[in-house]
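Asks: Provided herewith is a single structure, encoded as structure tokens, for subsequent inquiry.
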Amino acid sequence: MSQQQEGQAALVIVGGGLGGVSAALAALRLGQTVVLTETLQWLGGQLTAQAVPPDEYPWIESLTASQSYAHLRRAIRDYYRRHLPLTDAAAQTYCLNPGAGNVSTLCHEPWVAARVLDELLAPWEAKGQLRVLRQHRPMRVETQGDRITAVHLLDLTSGQTVLLATSLLIDATETGDLLEMAQVEHVFGAEAQSQTQEPHALPEADPWDQQSVTWCFAMDYHPHEHHVIDKPEGYDRFRTLQLDCWPNAQYSWTLSDFVTHQPRVRPLFVGPTDEPGLYDLWHARRIAWRGHFQPGAYPSDITLANWPQMDYWERPLIGVSEADEQLALHEARQFSLGFFYWMQTEAPRHDGGTGYPGLRLRGDVLGTQDGLAQQVYWREGRRILAEFTVLEQHIGVTARAGLDSAQPFADSVGIGAYRIDLHPSTRGRNTVDIDSYPFQIPLGALLPQRVDNLIPACKNIGTTRITSGAYREHATEWSIGEAAGSLAAYALAQQLPPRAVRAQPDHLQAFQQLLRSQGVLLEWPRYGALTPVLRTGYQKAK
């Protein structure tokens, strides 16, 4: 490593995923100067570098939890209208869904979202209020008592180390890396039912029972061409790999139903690829539908593969050595490439044949050469031991028997909605996919029990492994980040530790009013079309 550079910032945000970007924008709007760091070149995390089109609640087009998130969605659509060759009909569609995928009303290409996020941050960078350090990886932190005083980063381009002294630190890393570096009390893996009393918790705590990860890829299809890749490393073993709880090998169109665990057939195609909404894998996360674009602009649709057949569960990745983590990540990459190769060469075709050699990887829409996303899709990480922890009893429909809504929180700093959705685990456990009510984000879940000046901003808040399955999706992560950035700005302006904002009723009331003034909803409305969904739980189509 070369010579260390030093700097100072009142607020440092480590991690440029959705939570980190949202936190930065919130703090900037409230007058703070921010340094935002990210290990990768792209900002946006699960929306961009991990290549996962947004999973969102059913009312997202008419009721958005945050005006800033609504602005992001509009900006993505506007980018297509300003820069890409849409048909006149598509350009005039108010709720444009570029891919016409059926997992979201806004399935789009990851590179577009990456550019939009850069555009949102650009004015703040131009005026010198924001500094973005891309390709900077956190290495360690310095602490003094119950406070973090500085963070050390490695510039992956120059090899220099960067020391940033700070008054407040936001951990927006994908897996809660700073919690371990700073020895902030935290948990990972599964809690015991005796600890949480959650109906779906495990009988005994198991930190190595972690959700599978998925290395996503993008592809298009040219039925009269040949694009078969070289056989991936480990393919002969992967092609027969099977969870004990699954009805078939993972490389198959038959999988375990997410809710009932009964066999379920989900092929790549059930009909023409140019139909906008068929229920097959191709249409699930399609990110570009050629029917929306001028003739010849998109010779093929482009779809994003993030399917249960690609879930990698053989090794845990959180809390292990760096060597073990790198081995698991390598295997996850090969596992996804193996599934793509299986589809090209061995998969049963919808017309009775075998294999789709015309499938082609599209790394260009992901910013990579190999067709895989820049980063694995993390479904969970380290979670703080918080002043308040969200339990299944607070949001689960069955766990709240006799009630028709989630637990209201007096310290709410935002709202979200998603099913409790856990993928197969590294212990071979099957999915947990159960109804949950639209919920609030309690401020207490953003406050570590001991450390005074660290705020989590994404999947590292005070949830359990069960409830993290509901709080991890795009819109809720954005809302968590917005709350974290706003809390940091308020605490710095008032010269208070963040926990004092919750502890003192006058400050809590003032902070919640500040959030409302920024366009943040703190509670769900109890009227109109939302009411019956509140009673039956959010039904997510996968």
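The values are calculated or read from the model by the stated rules, or taken from the named source; none is laboratory data. Only a predicted model underlies this, so the values are computations on that prediction, with no experimental measurement involved. All Cβ positions, even for glycine, are placed from backbone atoms using ideal geometry, and neighbour counts span all protein chains on display.
Asks: Which of the residues belonging to the range 62-72 are modelled with pLDDT of 95 or more and surrounded by fewer than 24 Cβ atoms within 10 Å (Cβ to Cβ)?
Replies: Within the range 62-72, Gln67, Ser68, Ala70, His71 qualify.
Asks: Show me the helices (runs of 4 or more DSSP H) found entirely inside the range 453-508 where at least 1 residues are farther than 24 Å from Gln211 by Cβ.
Replies: Answer list for the range 453-508: 474-494, 498-503.
Asks: Still on this structure, I have one more. Looking at Ser321, Ser300, which is the one that is surrounded by 18 or more Cβ atoms within 10 Å (Cβ to Cβ) and either over 24 Å from Asp370 (Cβ atoms) or in contact (Cβ under 8 Å) with a residue 60 or more places away in the chain (or both)?
Replies: Ser300
Asks: In the range 449-483, what count of residues is obtained for those that are small (Gly, Ala, Ser), out of contact with any strand residue (DSSP E or B) (no Cβ under 6 Å at 6 or more places or on another chain) and crowded, with 24+ Cβ neighbours inside 10 Å?
Replies: Of the residues in the range 449-483, 2 are small (Gly, Ala, Ser), out of contact with any strand residue (DSSP E or B) (no Cβ under 6 Å at 6 or more places or on another chain) and crowded, with 24+ Cβ neighbours inside 10 Å.
Asks: Limited to the range 287-346, what total is found for residues that are of a type in the set (A, V, I, L, M), within 26 Å of the chain's Cα centre (by Cα) and in a loop (DSSP other than H, G, I, E, B)?
Replies: Of the residues in that region, 3 qualify.
Asks: Here's something else I'd like to know. Of everything in the range 153-165, what is of a type outside the set (A, V, I, L, M, F, W, C), part of a loop (DSSP other than H, G, I, E, B) and in contact with a Ser or Thr (Cβ under 9 Å, 6 or more places away or on another chain)? Give them in sequence order.
Replies: Ser158, Gly159
Asks: From the residues in the range 380-400 that are out of contact with any Gly (no Cβ under 6 Å at 6 or more places or on another chain) and of a type in the set (Asp, Glu), which one is nearest to Trp524 (Cα to Cα)?
Replies: Of everything passing the filter in the range 380-400, Glu392 is nearest to Trp524 (Cα to Cα).
Asks: Restricting to the range 98-127, count the residues that are in contact (Cβ under 8 Å) with a residue 60 or more places away in the chain and farther than 23 Å from Glu174 by Cα.
Replies: 6
Asks: I would also like to ask the following. Which of the residues belonging to the range 78-135 are basic (Lys, Arg) and touching a helix residue (DSSP H, G or I) at 6+ places or on another chain (Cβ under 9 Å)?
Replies: Scanning the range 78-135 gives Arg81, Arg115, Arg131.
Asks: Further question: Please state which of the following conditions Phe439 fails to meet, knowing it meets all the rest: (1) surrounded by fewer than 22 Cβ atoms within 10 Å (Cβ to Cβ); (2) under 19 Å from the mean Cα position of the chain (by Cα); (3) within 29 Å of Glu204 (Cβ to Cβ).
Replies: Looking at each condition in turn, Phe439 falls short on (1).
Asks: Please find, within the range 48-79, the residue that is nearest to Arg115 (Cα to Cα) out of those that are in a helix (DSSP H, G or I) and out of contact with any Asp or Glu (no Cβ under 9 Å at 6 or more places or on another chain).
Replies: Filtering the range 48-79 for residues that are in a helix (DSSP H, G or I) and out of contact with any Asp or Glu (no Cβ under 9 Å at 6 or more places or on another chain), the one nearest to Arg115 (Cα to Cα) comes out as Ile76.
Asks: Here is a follow-up. Tell me whether the range 219-241 contains one or more residues that are under 27 Å from the mean Cα position of the chain (by Cα) and under 21 Å from Gly469 (Cα atoms).
Replies: no
Asks: Follow-up. Could you run through the range 295-307 and say how many residues are over 19 Å from Pro272 (Cβ atoms) and either of a type in the set (S, T, N, Q) or at pLDDT below 95 (or both)?
Replies: 1
Asks: Can you tell me how many residues within the range 330-352 are over 20 Å from Arg237 (Cα atoms) and either among the charged types (D, E, K, R) or modelled with pLDDT of 95 or more (or both)?
Replies: Within the range 330-352, residues that are over 20 Å from Arg237 (Cα atoms) and either among the charged types (D, E, K, R) or modelled with pLDDT of 95 or more (or both) number 2.
Asks: Continuing with this model, one more query. What's the number of the condition Gly414 fails, among (1) in contact with a Ser or Thr (Cβ under 6 Å, 6 or more places away or on another chain); (2) crowded, with 23+ Cβ neighbours inside 10 Å; (3) at negative phi?
Replies: Looking at each condition in turn, Gly414 falls short on (3).
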